[in-house]
Amino acid sequence: MAMRHILPALLLGVLALPSVSAAGSFERREDVRAFIEEMHQRHGFDRARLLRLFGQAQPQPKALQAILPPKDPSMRSWQTYRARFIEPSRIDGGLRFWEANRNVLEAARRSYGVPEEIVVAIIGIETIYGRNTGKFPTLATLATLAFDYPPRSELFRGELEALLLLARDSRRSPAAYSGSYAGALGIPQFLPSSIRNWGVDFDGDGRIDLAASSADAIGSVANFLASHGWETDGAIAFPTSAVGVRVKELVEAGIVPRLTPAEMADYGLTPAAEAPQQPCALIDLVTPGQATEYWLGYRNFYVITRYNRSSSYAMAVYALSLELKQAWEARLATR
C-alpha cells in the first residue's frame, strides 16, 4: 500500500459484506456515470472511453470480503502476527534480494538516509520480495470498493481517479493493472496515489515501474519514508517495561512521539538506560493469554506506520530488519 499505510483505517465501520452491483453493470449506474462526468470535467477524460472501461470491469466481491475486519478483533495476537513474517524463508529470501540489489540499496541509503535492512524488510513483508503482488484486476477492484464499500468510498474514489491519471501518464490502459484486494500495486504495494506522489524512477529508464523494477521499488520505498520524516541514523524502537494505572494514559495518547523516556517514568515506565532521551510513544503489543509487550516507538517507528498504520506492522518491519541485518553482517564476515 504504499498501500498498507491505510489498511487499519479501512477496517472500520461494518462487519457485514456490502451488496455488490451486478456483474458488468458499472457503466449503467448513476454514481459511476457521475464519476465519469467528474473525470471528464476535471481531467478531460473521454466519456465514451471511460464508459467502455467500466462496462468491461467486473465487480470483485472477493475484494469486499477480504477488506472486512476480523469478526473478533479481541483475538488479534502480536506473537501470531510476528511469526508470519519473522521466519527463516523470509529471512533467506531477504538475503537473496539484498545480494541481488546490493548496489541499488546502498544508493538508496545514500540518497534518502534509509538503511538497507528497513527497505528490504518492508518489501519482504509486503510481497515476499515481489513473489506475491496480487492478482486482483485493479480497475475493477477499485471501482468495487469505490462504489460498493460505503465506509471508505471517498478514499477509493480518490484512488480510482489516481489510477486513471497514472495509466494516462504511463500510456497504459487502466484495465492492464493488477494488484492486491485493496488496489495496491507492485513489489512495494503502493496505491495509485502513492505511486504518483512518491514513486521514483530509480533505475533511470525513463519510467516508474514498481511491478518489474526492483530498483524503482527500492527507491520508491526509501523516498516514501524520507518524505514522511525519516531521520537518518535515528532510533526506531526500544523495549521497556510498564506498570501502574497511568500506563493506559500513554497508550491511549497514540503513536505520535511526544514524551522522552524520562518524562514517561512518571507514568510507570522503566525504560532501558540506553534508550535515547528523545520524544517517543508507548507501543503496546497484545497477545491474548500472555503479558503485553511494551516498546518505546521513536520518530522512525512512527514513519513506518505511515506505510501501514499499524503498530504491529511497524514492529514486524523493525524485527525483520534486525534479523536481516544480523544475517547480512554474518554473511559478509565469512567472505
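Computed over the Cα atoms of the range 263-313, pair by distinct pair, the Kirkwood hydrodynamic radius stands at 12.2 angstrom. According to the calculation over all Cα-Cα pairs in the range 223-335, the P(r) per 10 Å bin from zero is 14, 43, 31, 10, 2, 0 %.
Which FRET efficiency value, to the nearest 0.05, is calculated for R33 and R76 with the Förster distance at 30 angstrom and r the Cβ-Cβ distance?
Numbers: r = 40 Å, r/R0 = 1.34.
FRET efficiency, R33 to R76: 0.15.
With neighbours defined as other Cβ atoms within 10 Å of a residue's Cβ, the residues K62, K135 order from fewest to most as K135, K62. Each stretch of four or more DSSP H residues adds -39500 (n - 2.57); spread over every residue of the chain, this sum gives -15500 deg cm²/dmol at 222 nm.
Annotation: extensible slack from R131 through A176 equals 14.3 nm (criterion: 0.36 nm per residue apart, minus Cα-Cα distance).
Per-residue counts of other Cβ atoms within 10 Å, averaged by peptide: what ranking do you get for 197-206, 140-149, highest first? Let's see the in-between values first.
Details: 197-206: 16.1, 140-149: 25.7.
Ranking the peptides 197-206, 140-149 by packing returns 140-149, 197-206.
Taking the range 221-314, which GluC sites (Glu not before Pro) meet the DSSP loop condition and have no more than 12 other C-beta atoms within 10 Å?
Values: sites: E231, E249, E252, E263, E274, E293; in loops: E231, E274.
Qualifying residues, ordered by number: E274.
Could you tally the net charge around P88, taking each other residue with its Cβ under 15 Å from the Cβ of P88, Lys/Arg +1 and Asp/Glu -1? For residues surrounding P88, the net value is +2. When the alpha carbon gyration tensor of the chain is reduced to an equivalent ellipsoid, its three semi-axes come out at 37, 25, 17 angstrom, largest first. Straight-distance candidates among the aspartates and glutamates for linking to K248, with alpha-carbon spacing under 16 Å and chain neighbours fewer than 8 residues away dropped: E263, D266, D284, E293.
Considering only the Cα atoms of the range 237-297, their convex hull presents on average a projected area of 3.8 nm². Note on L64, L139: ascending count of other Cβ atoms within 10 Å places them as L64, L139, the fewest first.
Where a number appears in this text, it was derived from the coordinates with a stated rule and is not lab data. Note that the structure is predicted; figures quoted are calculated from it, not measured. Cβ atoms come from the backbone with ideal geometry, glycine included; neighbour counts cover every protein chain shown.
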